[in-house]
Each structure stands twice: as structure tokens, then as C-alpha cells.
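Report on one structure; see the data block that follows.
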Amino acid sequence: MRHRSALSLAIVVGACSGSSTPSPQPAAEAATCTALQAWSDEMRAFAALDPATATADDVSAQRDAITTAWDAVQASLTDVKASDK
């Protein structure tokens, strides 16, 4: 299953790169691009936590935000697959 998700992710990342090729599933791909950006933002926020000042609650909250964002990426990839004709 991970192989299919990775393949779908690679295809969608290619779509996010601004390719001018028309797609039969633009809404699903756009949602995946948005989800990937949100996940990326959460990863950057995690990396920006200062170990000297971040509390365990800060780290836990950021971990939860990353997990939620990744779940949205996976759900959007399912939508891309479903809309693939």
C-alpha cells in the first residue's frame, strides 16, 4: 500500500510543479497540492521549535498537527486515485 501512496504522491507532486498538461482531475490534484503545502508548513514549524524553550506540550501539539496534515495528504491522494479516469 505504501508503494501506491508513494507513486500517487510522486504523480501529484509533478502536477503541483506547474505542468501545463491538462488533467482530467484538476480539483483533486489542487486539493493534494494544498494538503502537501499544509503538511510542509507543519514540518517547518516543527523544525523551528527551539529545543531550549519548547515544552513537551509544544512538541506534542506540533506532532499532532503534522499527523493531521499527513492524514489530509493521504485522503487527498485517495481522492486523486478515485478521480483518475
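Ordering VAL59, VAL73 by accessible surface, largest first, gives VAL59, VAL73; the 1.4 Å probe counts only protein heavy atoms, with every chain in place.
At the residue level, THR34 shows approximately 90 square angstrom of accessible surface with a 1.4 angstrom probe and all protein chains present.
Placing dummy labels 7 Å off each Cα toward the beta-carbon, the span from LEU49 to THR34 is 2.7 nm.
The values are calculated or read from the model by the stated rules, or taken from the named source; none is laboratory data. Small disclaimer: the values here were computed from a predicted structure and weren't measured. Virtual Cβ from ideal backbone geometry, glycine too; neighbours counted across all protein chains shown. To get the accessible areas, we keep the full protein, side chains included, count just its heavy atoms, and leave off ligands, DNA and RNA. Shrake-Rupley method; radii C 1.70, N 1.55, O 1.52, S 1.80 Å.
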